[in-house]
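The values are calculated or read from the model by the stated rules, or taken from the named source; none is laboratory data. Just so it is clear, the structure is predicted and the values come from calculations on it, not from any experiment. Every residue, glycine as well, gets a Cβ built from its backbone with ideal geometry; the counts of neighbours run over all protein chains shown. Side chains included, ligands, DNA and RNA excluded: accessible areas come from the protein's heavy atoms. Shrake-Rupley method; radii C 1.70, N 1.55, O 1.52, S 1.80 Å.
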Amino acid sequence: MNGPRVVPAPADFVTATVRPEIRALRAYAVARADGMIKLDAMENPYPLPQAVRERIAAAVASAPINRYPDGGADAVKSALRRAFGIPEAAGLILGNGSDELIQIMTTAVAQPGASILAPEPSFVMYRLNALYAGARFVGVPLLPDFSLDTGAVLAAIERERPALVFLAYPNNPTGNLFAAAGIEAILRAAPGMVVVDEAYHAFADASFLARLAEFPNLVVLRTVSKIGMAGLRLGYAVAAPEWTTELNKVRPPYNLNALTQVVAPLLLAEDAVLAEQAARIKAERSRLHAAICTLPGVVAFRTQTNFVLARVPDAPRWFEHLRQEGILVKNLHGWHPSLEHCLRITVGTPAENDALLAALQTLR
Ligand code: PMP
């Protein structure tokens, strides 16, 4: 006699098949921000001028969304080349956010035994994507002032021979720009791709984009997320065509959706609006940084980005107090030993920054 058939639970299938290192993760939690002053995600706080919104509305209304988008996204590429002076001879690949390009690059190099190196603390997606791809991740600690420990990175390159090095320039979440000489030494020593991730280039005084011809292994990664288009999900990487040809083989064929493809060129044509918003953010950054520095017991680190990293007396309590006041920042306490009691505060509009400073003033 057969007994009642035992039906396995979904969890049994999951345990039997999903990799243990994936099961051990927690999915990236995006904080709920309904109705709050949102200073947690390095977004541009300024809305677009009405005339630009109307042009977007008209373009979206006639977008052929019954069709797959242009797989090459040629209109977006031309707009990026024009807006950022990317030479025709340079290879250009687009991603659904630069997050997707990080995944594409990691996947392309992750053969058995391959390692991926980045300083730490830095953008968490470098480590996570190495894990997704099954590549070994080598994190090299930054110095206590968050500058690059070039000697330690060069020693790790010699030892590990990483297929891929990620350098966020400026760095997230520390906000500083590493010394160019250190990056040059890494580019010369690395046996593989070196990605200089310039997500915050609009707020920084330096870039490696004009130096592609000097370094055959340099890939410059950028995003439009921090300059007012986070919702479009558009990142781009510029490198020798030999690199972008290979990366294109890993890219999903229609990774840039049709609406992004009609809207992005319209916004990228608005040089004056983009430049003016970036200038306002930089001016507010100086004001916010100076004001945070005057708070007793608080240290604000130097920044070339659109955020300020601050060490406060009690980050979990300050984060919670700000949240009660309707202000969302990022609490980095517990992320990395060198980020103890650190909050990362995105530069908002003058009114948002005033609200933040008023709320901080009530804390001790
Ligand atoms: N690189 C760095 C250094 C970042 O800080 C971020 C966003 N926080 C990204 C890449 C990803 O940006 P996106 O996917 O929006 O292009």
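Some points to look at:
- Residue match in the range 94-105 (condition: more than 25 Å from ALA210 (Cβ to Cβ), away from the ligand (no atom under 16 Å from the Cβ) and not in a helix (DSSP H, G or I)): no
- Of the strands (runs of 3 or more DSSP E) that lie entirely inside the range 124-227, those containing 1 or more residues that are within 12 Å of the ligand (Cβ to nearest atom) and in contact with a strand residue (DSSP E or B) (Cβ under 8 Å, 6 or more places away or on another chain) span 164-168, 193-197, 218-223.
- Search result, residues across the range 325-344 that are touching a helix residue (DSSP H, G or I) at 6+ places or on another chain (Cβ under 7 Å), open to solvent by less than 10 Å² (accessible area, probe 1.4 Å) and either part of a strand (DSSP E or B) or not hydrophobic (A, V, I, L, M, F, W, C) (or both): ILE327, CYS342, LEU343
- Filter result for the condition that a residue is open to solvent by less than 30 Å² (accessible area, probe 1.4 Å) and of a type in the set (Ser, Thr, Tyr), over THR294, THR362, THR245, THR303: THR303
- Meets criteria (assigned to a loop (DSSP other than H, G, I, E, B), within 15 Å of the ligand (Cβ to nearest atom) and open to solvent by 40 Å² or more (accessible area, probe 1.4 Å)) for TYR68: no
- For the range 157-174, the set of residues classified as within 19 Å of GLN111 (Cα to Cα) and open to solvent by less than 40 Å² (accessible area, probe 1.4 Å) consists of ILE157, PRO162, ALA163, LEU164, VAL165, PHE166, listed by residue number.
- Flag for ALA57 being within 16 Å of the ligand (Cβ to nearest atom) and of a type in the set (A, V, I, L, M): no
- Scanning the range 228-253 for residues that are assigned to a loop (DSSP other than H, G, I, E, B) and not small (Gly, Ala, Ser) gives MET229, ARG233, LEU234, ARG251, PRO252, PRO253.
- Taking the criterion of being within 15 Å of GLU43 (Cβ to Cβ) and part of a loop (DSSP other than H, G, I, E, B), the residues of the range 305-324 that qualify are THR305, ASN306.
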